[in-house]
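K.L.:
Below: one structure in structure tokens.
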């Protein structure tokens with residue numbers, strides 16, 4: 001039977017989707033890219049903030065509509081939204097034939113078969129990351145790039161975040177298991193490994209004394225893979241050892257995703273985040289260890305009590321540190337996270353205006369950074385090749401979240417390495433020609 005998957009949210013959720021597809025394919029199911037052809041539809045949901053929850057509900061309803069209009073026999077809902085609102089969703093969406101949480105990959109065959117039999121099952125078995133990440137996997141990324149999850153859950157307890165309530169405490173995978181999966185991915189043709197977790201810099205702390213992310217980076221540096229990229233680093237946990245390991249590793253990209261959230265001391269304190277001095281120090285040290293490193297961050301506006309002066313501090317900081325990439329989110333109150341009860345709330349229109357102002361500033365900063373690349377030559381990993389252009393990324397661009405390098409002209413192939421000279425720049429994308 002044919003299975004279709006709709007995967008929403010972050011890269012960690014995508015890995016869960018890929019595990020489910022791998023388990024189903026191993027059980028004899030066929031993977032279909034068409035909702036109209038699928039006999040089983042799975043919606044792997046995100047439940048992190050308000051917009052993500054709305055998107056997940058819309059996807060479930062879209063799948064329910066496709067179920068009515070096609071030969072689909074079962075609609076299965078899994079993931080963070082299902083984990084967080086299991087009873088509410090189950091009662092309000094009778095169109096759903098089966099439901100599982102963040103650990104659904106382990107039970108997905110049982111869920112699907114019971115749903116097909118008309119049992120309307122619900123399984124919430126938890127998510128032991130060691131067990132889940134040992135399951136087979138079907139990549140949904142271009143075949144030359146893969147996300148490598150090194151841990152799940154989180155112990156940080158930031159005031160705005162519900163991830164610890166959804167995915168539980170930090171669970172690091174044994175280093176040997178991570179390296180073995182990396183080797184399998186490389187053997188399958190992967191050229192870029194993207195390390196992910198809720199907090200990659202916390203990797204290994206729950207496994208007892210011993211080396212953590214730094215040692216993992218050193219071991220991955222010995223593998224025959226051109227790019228290893230690190231995402232989701234917490235500024236308070238980014239040690240000198242990790243920075244030194246990144247700088248010394250021959251294949252670690254000169255790139256880091258470093259969510260900072262804000263720059264106002266008062267806002268950061270209420271968020272439960274490290275002080276802005278920590279962020280400044282970490283950015284300075286990273287640029288000393290890896291000159292020219294590209295940094296990405298995420299900032300949040302509209303947090304309870306954020307004043308106009310707080311927001312101006314954020315704008316000043318963004319201009320000061322001049323990061324290559326940044327996203328700006330509007331705060332979403334999410335119980336039971338402590339911030340949901342904080343007062344006073346920021347007017348939604350004010351928060352949206354601040355998001356727009358911050359993003360316009362970042363566009364200006366990023367445009368200047370990109371303009372400085374004009375005339376330089378870089379190595380580009382081609383993601384897609386069309387008749388009119390090859391579209392890929394440089395070392396300073398992560399998949400899905402950053403800009404692209406467009407190389408006009410026919411030829412090229414997905415997964416190809418191209419030396420290209422930058423001829424034109426915008427705030428996000430670059431245009432280049434083959435060197």
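K.L.:
Taking the range 242-280, which residues are over 20 Å from the mean Cα position of the chain (by Cα), in contact (Cβ under 8 Å) with a residue 60 or more places away in the chain and outside any loop (DSSP other than H, G, I, E, B)?
P.N.:
Listed by number, the residues that qualify are 270, 271.
K.L.:
Please state which one of 360, 364, 421, 343 is part of a strand (DSSP E or B) and surrounded by fewer than 17 Cβ atoms within 10 Å (Cβ to Cβ). First the steps, then the outcome.
P.N.:
Numbers: 360 fails: part of a strand (DSSP E or B); 364 fails: part of a strand (DSSP E or B); 343 fails: part of a strand (DSSP E or B).
Of 360, 364, 421, 343, the one residue that is part of a strand (DSSP E or B) and surrounded by fewer than 17 Cβ atoms within 10 Å (Cβ to Cβ) is 421.
K.L.:
List pairs: first in the range 173-188 and more than 15 Å from residue 149 (Cβ to Cβ), second buried (at least 17 other Cβ atoms within 10 Å of the Cβ), Cβ under 7 Å, 6+ apart or cross-chain?
P.N.:
186/225
K.L.:
Does the range 117-160 hold any residues that are in a loop (DSSP other than H, G, I, E, B), in contact (Cβ under 8 Å) with a residue 60 or more places away in the chain and closer than 25 Å to residue 4 by Cβ, and which are they?
P.N.:
133, 135, 136, 137, 138, 139, 140, 141, 142, 143, 144
K.L.:
Also: Check whether at least one residue in the range 104-114 is in a loop (DSSP other than H, G, I, E, B) and either surrounded by fewer than 23 Cβ atoms within 10 Å (Cβ to Cβ) or on the phi > 0 side of the Ramachandran plot (or both), and report yes or no.
P.N.:
Let us first name the residues in the range 104-114 that are in a loop (DSSP other than H, G, I, E, B), namely none.
Checked against the condition, which is being in a loop (DSSP other than H, G, I, E, B) and either surrounded by fewer than 23 Cβ atoms within 10 Å (Cβ to Cβ) or on the phi > 0 side of the Ramachandran plot (or both), the range 104-114 yields no hits at all.
K.L.:
Could you list, in sequence order, all residues of the range 419-435 that are out of contact with any strand residue (DSSP E or B) (no Cβ under 9 Å at 6 or more places or on another chain) and touching a residue at least 60 places away in the same chain (Cβ under 8 Å)? Steps first, answer last, please.
P.N.:
Of all residues in the range 419-435, those out of contact with any strand residue (DSSP E or B) (no Cβ under 9 Å at 6 or more places or on another chain) come to 426-427.
427, the sole residue that qualifies.
K.L.:
Same structure again: Considering 174, 235, which residue is under 21 Å from residue 396 (Cα atoms) and assigned by TED's automatic domain parsing to the domain that holds residue 345?
P.N.:
Values: 174 fails: under 21 Å from residue 396 (Cα atoms).
After applying the criteria, what remains is 235.
K.L.:
Can you tell me which residue in the range 367-389 is surrounded by the most Cβ atoms within 10 Å (Cβ to Cβ), limited to those that are assigned to a loop (DSSP other than H, G, I, E, B) and either at pLDDT 95 or above or outside the structural domain of residue 421 (by TED's automatic domain parsing) (or both)? Don't jump to the end; show me each part of the working.
P.N.:
Just the residues of the range 367-389 that are assigned to a loop (DSSP other than H, G, I, E, B), to begin with: 372-376, 386-388.
From the residues that got through so far, the ones that are either at pLDDT 95 or above or outside the structural domain of residue 421 (by TED's automatic domain parsing) (or both) too are 372-376.
Details: 372: 11, 373: 18, 374: 14, 375: 10, 376: 12.
Once the filter is applied, the top-ranked residue is 373.
K.L.:
Something else about it: Does the range 408-418 include one or more residues that are in the same structural domain as residue 266 (by TED's automatic domain parsing), surrounded by 15 or more Cβ atoms within 10 Å (Cβ to Cβ) and touching a strand residue (DSSP E or B) at 6+ places or on another chain (Cβ under 7 Å)?
P.N.:
Of all residues in the range 408-418, those in the same structural domain as residue 266 (by TED's automatic domain parsing) come to none.
Looking through the range 408-418, none of the residues is in the same structural domain as residue 266 (by TED's automatic domain parsing), surrounded by 15 or more Cβ atoms within 10 Å (Cβ to Cβ) and touching a strand residue (DSSP E or B) at 6+ places or on another chain (Cβ under 7 Å).
K.L.:
Hey, can you tell me all the residues within the range 174-197 that are assigned to a loop (DSSP other than H, G, I, E, B) and at pLDDT below 95? Let's see the steps before the verdict.
P.N.:
Residues of the range 174-197 that are assigned to a loop (DSSP other than H, G, I, E, B), as a first pass: 174, 188-191, 197.
If the condition is that a residue be assigned to a loop (DSSP other than H, G, I, E, B) and at pLDDT below 95, then 174 is the only one that fits.
The values are calculated or read from the model by the stated rules, or taken from the named source; none is laboratory data. Since the structure is predicted, the reported quantities are computational estimates derived from the model, not experimental observations. Counting neighbours? That spans all protein chains shown, and the Cβs are built from the backbone with ideal geometry, glycine included.
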